[in-house]
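The values are calculated or read from the model by the stated rules, or taken from the named source; none is laboratory data. For clarity, every value in this text was computed on a predicted model and none was experimentally measured. Here Cβ is always computed from backbone atoms with ideal geometry, including for glycine, and neighbour counts include all displayed protein chains.
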Amino acid sequence: MIFLVIAGIGGGLFFLQKRSEQKNAPTEASAQSSPAPQQISEHNWAKHSLDTTHSVIQKIQQQRKDDDLKDAVGRR
């Protein structure tokens with residue numbers, strides 16, 4: 001009996017939180033005016049983070065390669 005009461009309270013709090021998140025989501029989206037070209041959904045935030053990290057790593061590697069080429073040309 002105690003388990004059912006605890007489960008009922010937990011379920012009620014869960015649905016209240018979900019409903020409040022849905023009400024707050026449009027106001028937060030309109031308040032943010034970031035010039036991001038792509039909105040990140042809650043389902044692919046981890047993929048977006050990994051993609052961003054990968055692109056930064058590629059840019060750094062390319063910059064280092066360009067710097068090495070400039071140094072090699074300057075030594076001749």
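List of remarks:
- Given (1) in a helix (DSSP H, G or I); (2) modelled with pLDDT under 85, index of the condition residue 6 fails: (2)
- Residues of the range 42-67 satisfying the condition of being exposed (fewer than 10 other Cβ atoms within 10 Å of the Cβ) and not in a helix (DSSP H, G or I): 42, 43
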